[in-house]
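Below you'll find the structure, written out as structure tokens, and then a few comments.
The values are calculated or read from the model by the stated rules, or taken from the named source; none is laboratory data. Predicted, not measured: the structure shown is a model, and the values here were computed from it. FYI the Cβ positions are ideal-geometry reconstructions off the backbone, even for glycines, and counts take in every protein chain you see. The area values use the complete protein model at the heavy-atom level, side chains included, leaving out ligands, DNA and RNA. Shrake-Rupley method; radii C 1.70, N 1.55, O 1.52, S 1.80 Å.
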Amino acid sequence: MITKEIEITKEMLLYILDQIHEAVHIVDHRGIIIYANNGAESLERIPKEKMVGKDITSIYTHTDYEKGSLPPCLIVLKTGIPRINENSEYYSSDGNSVNSIVSNYPYYIDGEDNEVAAVLGISENINQMKERLIKLGGIESKHTYRLRKKLMKNGTVYIFDDIIGESPSMKSAVEMAKRFAAKKMPIMLYGETGTGKEMFAQSIHNASPAMHNNFVPINCAAIPENLLESILFGTVKGAFTGALDKEGLFEKAHGGTVFLDEINSMPIGLQAKILRVLQEKEVQRIGDSKTKKIDCRIISATNKQPIEAIRCGELREDLFYRLSTGIVFIPPLRERSGDLGLLARYFMETCNEDFGNSIYQISDDFQNMLSQYSWPGNIRELANTIESSMNMTAPGEIILSLKHLPAYLRNRFQQEIHPETLGDFSKPKDADLPTFSQPNTGLKNMVGFYEKALIEKTLSKERGNVSRCSVALDITRQGLEKKIKKYGIDVNKYRKNSTHE
């Protein structure tokens, strides 16, 4: 039986710090980590023994990196001003992305001229915080996304956390890309148009040791052949009429990454010069007799099977072998149908933020349509479909459904999706049709009555919005306006007294 008074000891405090969820770092006046608890090890995914004794800047780097800037804890060390509850995104030295809420506090030693002796940093992993709240019933389980992406100093906006996908094929592609990112070697991305090749390229760059330097993209198919060489290699004054001393993209990307999109569209002769850049690690400006050493990674991309591009004479075989030391296949959307709902919700939430909408659900029939379509335009086509449909919603609506699908998209989907499996969503359902009890006075009168009632019902649903009504009825706006005039329908009545919910 313990009878004496318990004293708080250093060992007890260290034990307590190791039990809490939050990550705790202590950085001394030199910027060296002198303490890290178990929570820090869990957050950074680095053994704490490897952190203690290291300079804080060697452990992590912010994604909002700016040359000359300091990590938040070193700013507190310099200014003595606490920084509380900051949302911090960064990569650890092992390439792991971390998103946390961080507070940094200065620590002073009496009699030391009031200088900051150390900084105490307390961080909590946002994902772990969310998991605990879900487990305790504090919030509903839902996916969250980095909706607002800002341009980083290296010319990129995407990191691996922005790539949405839970399907095995997508997880495999991301895992492979992360593995290659840490190694300084050429990487080739293969994926159909609209699968997100540049997002992968930017994410690879931002997970690499070269993330602080420039990411320089160029679409080889979009630049005329006579300009592409000068853009890539640069020019010297007098090389041709109007030529100036100008660095090319390879020089601009020194220390960073050049992204050659649609490499198979590059002229074969120019591909030979790219091969020389890879072999000699130097470039020669057009009109110059000297060469310049460069040090940059090349990420290339093709929307055609590389072997097929070689067979067709679009891609040099020797260049392919040099560019594809690491190759990542990005799966098309039709092969990752399990991700459709995640992606659709992401685009929906983005539109809510951009357009001020309040749509929080996608109807079953809309989801059914998404799952049955083959998506030849992949994610880019899906984004266009969701955004176009979101533009057709009315104030107060909370569900995105097939009635919001614009006519030109409706026709495109119907060419592929069979009505017997999905239902002919271009036509109103029976429950939506107007009813009437007029005596049978002839087909012409009955059709006119029906047409007027249908227009009035649709105007009511669309709150008097003639444009949306014309889309819902699959008729031109001019044609609808003629019918409104013919039947003497007062559109303003539906704008004031809408029954649409």
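With a threshold of 31 Å on the Cα-Cα distance, the over-threshold entries among 78/184; 50/184; 153/183; 10/183; 237/293; 78/293 are 78/184; 10/183; 78/293. The order of 490, 364, 261, 245 by accessible area, most exposed first and with a 1.4 Å probe, is 364, 245, 490, 261. Rg over Rh for region 282-335 works out to 1.11, using Cα positions for both radii and the Kirkwood form for Rh.
Summarise the long-distance tail of P(r) for region 167-324 by giving the % of C-alpha pairs beyond 24 Å. Counting pairs separated by more than 24 Å, the tail of P(r) holds 33 percent. Note: relative contact order over region 196-251, using C-alpha pairs below 8 Å and six or more positions apart, is 22 percent.
Between residue 398 and residue 355, the simple spin-label model (points 7 angstrom out along Cα→Cβ) gives 1.9 nm.
A Förster radius of 51 Å, combined with the Cβ-Cβ distance separating residue 485 from residue 374, puts the computed FRET efficiency at roughly 0.75. Stretched out straight at 0.36 nm per residue, the stretch from residue 477 to residue 20 would grow longer than its current Cα-Cα span by 158.2 nm.
Determine the sum of side-chain charges near residue 488: Lys and Arg each +1, Asp and Glu each -1, restricted to other residues whose C-beta is under 14 angstrom from that of residue 488.
So the environment of residue 488 carries a net charge of +2.
Computing FRET efficiency as 1/(1 + (r/R0)^6) for residue 169 and residue 365, where r is the C-beta to C-beta distance and R0 is 30 Å, gives about 0.65.
What is the Cα centroid distance between region 253-320 and region 162-217, reported in whole angstrom? Result: 18 Å between the Cα centres. Stretched out straight at 0.36 nm per residue, the stretch from residue 391 to residue 454 would grow longer than its current Cα-Cα span by 20.4 nm. Around residue 204, under 13 Å between beta carbons, what's the net of Lys plus Arg minus Asp minus Glu among the other residues? Summing Lys and Arg as +1 and Asp and Glu as -1 gives +3. For the peptides 39-46, 52-59, 404-411, the ranking by packing is 39-46, 404-411, 52-59, with the highest mean count of neighbouring Cβ atoms within 10 Å listed first. If you plug the beta carbon distance of residue 89 and residue 286 into 1/(1 + (r/R0)^6) with R0 = 30 Å, you get a FRET efficiency near 0.15. A simple spin-label model places the labels of residue 52 and residue 270 5.6 nm from each other, with each point 7 Å out along Cα-to-Cβ. What net charge is computed for the residues neighbouring residue 246, neighbours being all others with C-beta under 12 Å from the C-beta of residue 246, Lys and Arg scored +1, Asp and Glu -1? It works out to a net charge of -1. Put simply, when 4-14, 200-210 are sorted by average Cβ atoms within 10 angstrom per residue, most first, you get 200-210, 4-14.
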